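The values are calculated or read from the model by the stated rules, or taken from the named source; none is laboratory data. Keep in mind that what you see is a predicted model, and the values were worked out from it rather than measured. Ideal geometry is used to build each Cβ from the backbone, glycine not excepted, and the neighbour counts take in all protein chains shown. Just so you know, the surface numbers come from the protein's heavy atoms only, side chains and all, with ligands and any DNA or RNA stripped out. Shrake-Rupley method; radii C 1.70, N 1.55, O 1.52, S 1.80 Å.
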Amino acid sequence: MSLPGRALARILPYVPKSVAGLAARRYIAGETLEDGIDTAATLSQQGFRTTLDLLGEDTTNREHARRALDGYQRTLEAIEARGIDGNVSVKPTQFGLRVDPKLCLELFQTLADEARRLGHFVRVEMEDSSVTDRTLALFRQLRRDFENVGLVLQSCLRRTASDLEGLLDLSPNVRVVKGVYVEPSALAWQDRQTIRDRFVALSETLIGHGSFVAFATHDDYLIDHALRLVAEHGVPPSTYEFQMLLGVRPEIGKRVLDSGHPVRIYVPFGSDWHRYSMRRLRENPRIAGYVVRSLLTGR
Ligand code: FDA
């Protein structure tokens, strides 16, 4: 991690909320469900798929976890009502995974049931390594009853190839990412190229097993690799997609979409945006550089 990155990450939490909001505006649809849905509707009209993320994580209060479920149910209803090509992405700790795994499972089951009724899909996100085992167990339990749930796997973690082997019997629908959490070298590769190589290897395993794979990256190297993989293996568009974050390198998403590949944009929204952004900064000071650049250049 560069020294300027660390220094910036320490300073940014003291930037006034109104100024931080200017930088965040590009990456977050807004504070309300309506903001999230409007952004998703616009993207949908442009031909993108979307996934909505109601910001929130690390819930320690059961009532807050239930409220998050309610927010996601209303999100699914709005997606349906507006005819948006969209689904939802949920962080397990937002549904109370750290404090009550049983409640977390129940809330996911309720959401997956509602999503199935409406013909939609729920993505279980992957958080830091302290909850990897619990998240995998949660996904396995959910998959017993629901086809319309998928998982995220992080290529930076040393354990992930073996985790994937253990999941292949479920034909999992997987979003492959590098991993956004800062992890110790005992658990995670730190070298950029190794993390890329692992990303490619995971994608190849999924394609080889006919599983749905979502390549979630803005890295040109990985996007080019994924495009080659898809072409070489003749992967049908029904079993893969690219995924990118709202506001991050939008020109790349457009280019991939225009060349005929499905692209899903991740649309975060909610009143928790400031806490979320600051936590991300503390966890990964590299992001501080992006935020400062966007504050200075407005891009
Ligand atoms: P890399 O970090 O090398 O970025 C490539 C280029 O993209 C950079 O040079 C920069 O130009 C640009 N860029 C990347 N991130 C940016 C940002 N925030 N702002 C501005 N520019 C940026 N992680 C996780 O641990 N669990 C999860 O569940 C998810 N979910 C998820 C969903 C989706 C749709 C995406 C795209 C990503 C995630 N991630 C995630 C995050 C992921 O692990 C990873 O941290 C980011 O995608 C950044 O890695 P890249 O592969 O894009 O490469």
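Here are a few things to note about the model shown:
- Within segment 108-124, if we keep just the residues that are open to solvent by 10 Å² or more (accessible area, probe 1.4 Å) and either in contact with a helix residue (DSSP H, G or I) (Cβ under 8 Å, 6 or more places away or on another chain) or not in a helix (DSSP H, G or I) (or both), the residue that is nearest to the ligand (Cβ to nearest atom) turns out to be PHE121.
- Whichever residue in segment 165-183 is within 10 Å of the ligand (Cβ to nearest atom) and part of a loop (DSSP other than H, G, I, E, B) and, among such residues, is surrounded by the fewest Cβ atoms within 10 Å (Cβ to Cβ): VAL180
- Per the listing SER162, SER129, the residue uniquely out of contact with any helix residue (DSSP H, G or I) (no Cβ under 9 Å at 6 or more places or on another chain) and either under 21 Å from ALA68 (Cα atoms) or surrounded by fewer than 14 Cβ atoms within 10 Å (Cβ to Cβ) (or both) is SER162.
- Note on segment 199-258: residues that are on the phi > 0 side of the Ramachandran plot and part of a strand (DSSP E or B) amount to 0.
- Within segment 89-107, the set of residues being in contact with a helix residue (DSSP H, G or I) (Cβ under 8 Å, 6 or more places away or on another chain) and in a strand (DSSP E or B) comprises VAL90 only.
- Among the residues making up segment 90-139, those that are closer than 15 Å to THR51 by Cα, touching a Gly at 6+ places or on another chain (Cβ under 8 Å) and not aliphatic (A, V, I, L, M) are LYS91, HIS120, PHE121, ARG123.
- Residue check, THR110 over 19 Å from the mean Cα position of the chain (by Cα), polar (S, T, N, Q) and more than 27 Å from ARG196 (Cβ to Cβ): yes
- Test: residue in segment 81-96 that is open to solvent by 40 Å² or more (accessible area, probe 1.4 Å), among the aliphatic types (A, V, I, L, M) and modelled with pLDDT of 95 or more: yes
- PRO101 vs. criteria open to solvent by less than 60 Å² (accessible area, probe 1.4 Å) and either more than 16 Å from the ligand (Cβ to nearest atom) or farther than 17 Å from ILE265 by Cα (or both): no
- The C-beta contact set for segment 184-202 (first residue within 16 Å of THR132 (Cα to Cα) and within 12 Å of the ligand (Cβ to nearest atom), second residue open to solvent by less than 70 Å² (accessible area, probe 1.4 Å) and hydrophobic (A, V, I, L, M, F, W, C), distance under 6 angstrom, 6+ apart or interchain) comprises ALA188/CYS156; ALA188/LEU157.
- The residues in segment 246-273 that are within 15 Å of the ligand (Cβ to nearest atom) and surrounded by fewer than 17 Cβ atoms within 10 Å (Cβ to Cβ) can be counted, and the count is 6.
- Hey, THR59 over 19 Å from the mean Cα position of the chain (by Cα) and among the polar types (S, T, N, Q) or not: no
- Of note, THR59 satisfies the criterion of being crowded, with 23+ Cβ neighbours inside 10 Å, modelled with pLDDT under 95 and in contact with a helix residue (DSSP H, G or I) (Cβ under 9 Å, 6 or more places away or on another chain).
- For segment 135-144, the criterion of being buried (at least 19 other Cβ atoms within 10 Å of the Cβ) and of a type in the set (Ser, Thr, Tyr) is met by at least one residue.
- PHE242 meets each of the listed conditions (1) at pLDDT below 95; (2) within 13 Å of the ligand (Cβ to nearest atom) apart from (1).
- Taking the criterion of being touching a helix residue (DSSP H, G or I) at 6+ places or on another chain (Cβ under 7 Å) and either polar (S, T, N, Q) or within 13 Å of the ligand (Cβ to nearest atom) (or both), the residues of segment 220-239 that qualify are TYR221, LEU222, ILE223, HIS225, ALA226.
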